[in-house]
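The values are calculated or read from the model by the stated rules, or taken from the named source; none is laboratory data. From a predicted model like this one, the values you see are computed outputs, not experimental measurements. Using ideal geometry, Cβ is built from the backbone for each residue, glycine included, and neighbour counts are taken over all protein chains shown. Calculation scope for accessible area: heavy atoms of the full protein, side chains included, ligands and nucleic acids excluded. Shrake-Rupley method; radii C 1.70, N 1.55, O 1.52, S 1.80 Å.
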Amino acid sequence: GRPGGVGSYLKSRTFRLFPVLWTVVAAVALLRLTIGNTTSFSTLMMSMFPYPSLEPPLPQVVWTLRHEMLFYAAFALLILSARWGYALFALWGLACVAQIIASIAGVPVTGAWSLPLSSYTLDFMIGMAIANFHSRRHFAPSYGPLMLGLALLAGVLAITHIMDFGRDDFWDYVSVRATVWTLVRGLAFGLVVHGLVCAEPLVGERNPFVSLGAASYAIYL
């Protein structure tokens, strides 16, 4: 709800994401070229400017940025207008829940539209909810919520592995495992994030793990 902040928001997102992304994409393309594998212009463009698509980017981990780009665009609207931004997120969230129900019923929306309707969108919203929750309520510094979150996450990941509840592949957004279970894992990770915020005062802002977290995007790519 502070329109004047949208410029600095977009600027900070752009400088955080694109220089590292372009460097990595170019490096991977050059490495592929040295072993005789060329990269098409369309693949380069969809990797350097991630947009909703089910085509493999370069490198493959760039698929996550397609979700981030959608989220950042929606959040920019939230900065411009709280009313319209919350309305968009509410409708978007309901559409994602409808996709989960449709997936269970065996009639999900398929193709490129399945990406913005993915449960990963709800995971972003879980992160927003945690941030909002902590901005309104003070929690006593403690490692307890973090330990609980890690235990829950370990259990969810163990079930994922033992029961083979993972997505069929990177481009699977419509199976029950890709919709319901992605949300379940997101809730577990959400509790871990809540626990990390509760523990932050105990480790201090200059803790090396905090610096590592700030660099996580570059390390990920």
Distance in nm between A98 and S142 label points, each 7 Å along Cα→Cβ, equals 4.0 nm
The extension gain from A112 to S42, computed as 0.36 nm times the residue separation minus the Cα-Cα distance, is 23.6 nm
In the chain, helical segments from DSSP H whose Cα atoms cover 20 Å or more along their own axis and that average at least 0.0 on the Kyte-Doolittle scale are 6-34, 63-80, 82-105, 119-136, 144-162, 176-203
Rounded to the nearest 10 Å², the accessible area of V210 using a 1.4 Å probe with every protein chain kept is 50 Å²
Expected field for R16, accessible surface area in Å² at 1.4 Å probe radius, rounded to 10, holds 80 Å²
To the nearest Å², the heavy-atom accessible area per residue of region 177-220 with 1.4 Å probe amounts to 58 Å²
Taking 99-108, 81-90 and ranking on average Cβ neighbours within 10 Å, highest first, one gets 99-108, 81-90
With all protein chains in place and a 1.4 Å probe, M163 shows an accessible area in Å² (nearest 10) of 110 Å²
In nm, the gap between the two label points placed 7 Å beyond Cα toward Cβ at W171 and V210 is 4.3 nm
With all protein chains present, the chain has a carbon and sulfur share of its accessible area (1.4 Å probe) in percent of 72 percent
Between A131 and S53, the two model label points (7 Å from Cα along the beta-carbon direction) sit apart by a distance in nm of 2.7 nm
Highest mean packing first, using Cβ neighbours within 10 angstrom, the peptides 179-190, 114-125 sort as 114-125, 179-190
Relative contact order in percent for the chain (Cα pairs under 8 Å, 6+ apart) equals 21 percent
Note to self: with every protein chain in place and a 1.4 Å probe, region 1-87 gives an accessible area per residue in Å² of 58 Å²
A chain fully extended from A27 to L187 at 0.36 nm per residue, minus the present Cα-Cα distance, gains in nm 54.1 nm
